[in-house]
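Input: a single structure, listed below in structure tokens.
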Amino acid sequence: MPKTELPLGEGLYPVPVALVSCIDQTTQRPNIITIAWCGIICSTPPQVSVSIRPSRFSFNLIKEAKNFVINIPSTDMVKAVDICGMKSGRDTDKFKLCKFNKQDSREISSPAIEECPVNIECILKDIRGLGSHHMFMAEVANIRANSNVVDSQNRIDFAKAKPIVFNRGEYWSLGKKIGHYGFSE
């Protein structure tokens, strides 16, 4: 099959959608930012990253607090996910607007979002300026999941958690499982 050259861009698709919560260390006011540029960067110790534009309100909040929570929303939260990506925390209380409940984190000062089925508490380790975005690299300090999305082997059941993925400007749900690591052997 012939290939077509495409304009340069990120190219990777789909990517996870996360609601990253953080806190203003001075006022103790929390904020939420929708992030699609996030991922795993190391297994041992477990480390993740989120990439944020310096102009975003959450950028300095996370930089100063040195922690944040990656909250994994479910598909029924897609409208709130979009709101948190479209509104600025400079002039909007997104917890209030989206009717989210703050949940105290166990290991860090930033609150989690109770309505999200999975919450990953992160301690900032490094920030790298890469161009339009800076990558915030963090060590995972704690993971909590709603009991109804955890299977008998203490793993997240993604069919029950119903995560959202971002695909070139569109929100998508995941389809069905088609295999697992090592199933080819």
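Amide hydrogen proximity for Arg53: with H placed 1.01 Å from N in the peptide plane, the residues at 5 or more positions away or on another chain lying under 5 Å are His134. Its Cα centre serving as origin, the chain has a Cβ charge dipole (Lys and Arg +1, Asp and Glu -1) of approximately 280 debye. Couplings 3J(HN,Hα) for region 81-97, derived from phi with the Karplus relation 6.51 cos²θ - 1.76 cosθ + 1.60 (θ = phi - 60°), are 4, 5, 4, 5, x, 9, 9, 9, x, 4, 10, 9, 8, 5, 4, 5, 4 Hz, where x marks Gly and Pro. Mind giving me the nanometre distance, one decimal, between the label points for Ile143 and Leu174, set 7 Å out from Cα along Cα→Cβ? That separation, rounded to one decimal, is 1.1 nm.
Working ranking of peptides 15-25, 126-136, 50-60, 175-185 by packing, defined as the average number of other Cβ atoms within 10 Å per residue, highest first, is 15-25, 50-60, 126-136, 175-185. Near Asp157, the amide H atoms lying under 5 Å from its own belong to Val150, Asp151; only residues 5 or more places off or on other chains count, and H is placed 1.01 Å from N. Which log10 I(q)/I(0) values does the chain give at q = 0.08, 0.15, 0.18, 0.19 Å⁻¹ under the Debye formula, counting every alpha carbon as one identical point scatterer? So the normalised log intensities are -0.26, -0.91, -1.29, -1.42. Decide, for region 29-89, between rounded, prolate and oblate: order the square roots of the alpha carbon gyration tensor eigenvalues as a ≥ b ≥ c, take rounded if a/c falls under 1.5, and otherwise choose prolate if a/b is larger than b/c, else oblate. Cα axes put region 29-89 in the oblate bin.
Pick out which of Cys84, Cys122, Cys98 has the largest mean-square fluctuation in a Gaussian network model of the chain, springs linking Cα atoms closer than 10 Å. Per the Cα network of the chain with a 10 Å cutoff, Cys98 tops the list. From helices alone, the chain scores -3500 deg cm²/dmol at 222 nm; the rule is -39500 (n - 2.57) for each run of n ≥ 4 DSSP H residues, then divide by the residue total. Its alpha carbons give region 89-175 an Rg and a Dmax of 15.5, 43 Å. Within region 18-33, which residues have the backbone N less than 12 Å from the label spot 7 Å out from Asp91 along Cα→beta-carbon, could you tell me? It comes to no residues whatsoever.
Would you mind counting up the charge near Ser88? Only other residues with Cβ under 10 Å from its Cβ, with Lys and Arg at +1 and Asp and Glu at -1. So the surrounding residues net to +3.
Read-outs throughout are calculated quantities, based only on the coordinates presented, and are distinct from any laboratory measurement. Please read all numbers here as calculations on a predicted model, not as lab measurements. Please note: Cβ atoms are built from the backbone with ideal geometry, for glycine as well, and neighbour counts cover all protein chains shown.
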